[in-house]
Amino acid sequence: MDTSIETAWRQLTAAIAVVGAVAAVGAFAFAARPASAEIRFEGPIRWTQWDSGLKTAAARKKPVLLLLFTDSCPKCTLLGELFKTNKDVHKLASEMVMIHVNSGTAPMAVVNRFARFGNYVPRIVFLRPDGSTVDEITSSNAGFPYYYQPSRPEFLIAAMLKAKGFGGSANGGKRTGKVGASGKTATGTASKPAGPAARLDGGSG
């Protein structure tokens, strides 16, 4: 074989080997990349699902803390740790019905009911025992009024203290529209359909 041809052949063979090795490493890295871990709401707080939680709140005349989250949201994970470890939150939670809704897997009929509160996660909305929303309880965060910063639990605690005042009576405080199964409030205003939930870190959940 001509020397120049032999040299070119060896260079081509080496290049193909390098490309194959890089492709194999990339495929392994992609396969080994862990999927978003499911957020586990462990600890002393008794969390419940949407339908059963509303029934419990109505029967026991307790206000509701509704947490909307996704498994792919880092701040949702941090907020979950706050609920797991903060004793003041534990005490207040025992006087409420705690409901969590995964915006990534829950039926859209449920997710869309709260689209008017934003399309980011995590969001916390408080409800009266009859299921009507308490719009005036917010986190005081101008950009994300239903987001409670995990590193500042005092804002969540203050909100939960306010929400306690809406228990015991379905008519406590200023009434806002009750969101029904049709996705409309009691005043007939339709809830805006939700798209994919946006995470506060700029991603989508």
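Structure above, values below:
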{"quantity": "Qualifying residue in region 159-176 (condition: surrounded by 18 or more Cβ atoms within 10 Å (Cβ to Cβ), touching a helix residue (DSSP H, G or I) at 6+ places or on another chain (Cβ under 8 Å) and modelled with pLDDT of 95 or more)", "calculated": "yes"}
{"quantity": "Qualifying residue in region 144-151 (condition: at pLDDT 95 or above and over 15 Å from the mean Cα position of the chain (by Cα))", "calculated": "yes"}
{"quantity": "Filtered residues of region 140-154 (kept if assigned to a loop (DSSP other than H, G, I, E, B) and either under 14 Å from Lys91 (Cα atoms) or touching a Ser or Thr at 6+ places or on another chain (Cβ under 8 Å) (or both))", "calculated": "Pro145, Tyr146, Tyr147, Tyr148, Gln149"}
{"quantity": "Residue that is surrounded by the most Cβ atoms within 10 Å (Cβ to Cβ) [pool: residues in region 34-89 that are part of a helix (DSSP H, G or I) and of a type in the set (Val, Ile, Thr)]", "calculated": "Val89"}
{"quantity": "Which listed residue, of Lys87, Lys55, Lys61, is under 16 Å from Leu156 (Cα atoms), of a type in the set (Lys, Arg), assigned by TED's automatic domain parsing to the domain that holds Ser151 and at pLDDT 95 or above", "calculated": "Lys87"}
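So that you can scan it fast, the table gives a plain yes or no per residue for (1) at pLDDT below 95; (2) assigned to a loop (DSSP other than H, G, I, E, B); (3) under 17 Å from the mean Cα position of the chain (by Cα):
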residue: Val101; (1), (2), (3): no, no, yes
residue: Ala106; (1), (2), (3): yes, yes, yes
residue: Ala115; (1), (2), (3): yes, no, yes
residue: Asp135; (1), (2), (3): yes, yes, no
residue: Leu156; (1), (2), (3): no, no, yes
residue: Ala186; (1), (2), (3): yes, yes, no
residue: Gly195; (1), (2), (3): yes, yes, yes
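The values are calculated or read from the model by the stated rules, or taken from the named source; none is laboratory data. Keep in mind it's a predicted model, so treat the numbers as computed, not measured. Here the Cβ is made from the backbone with ideal geometry for all residues, glycine too, and neighbour counts use every protein chain on show.
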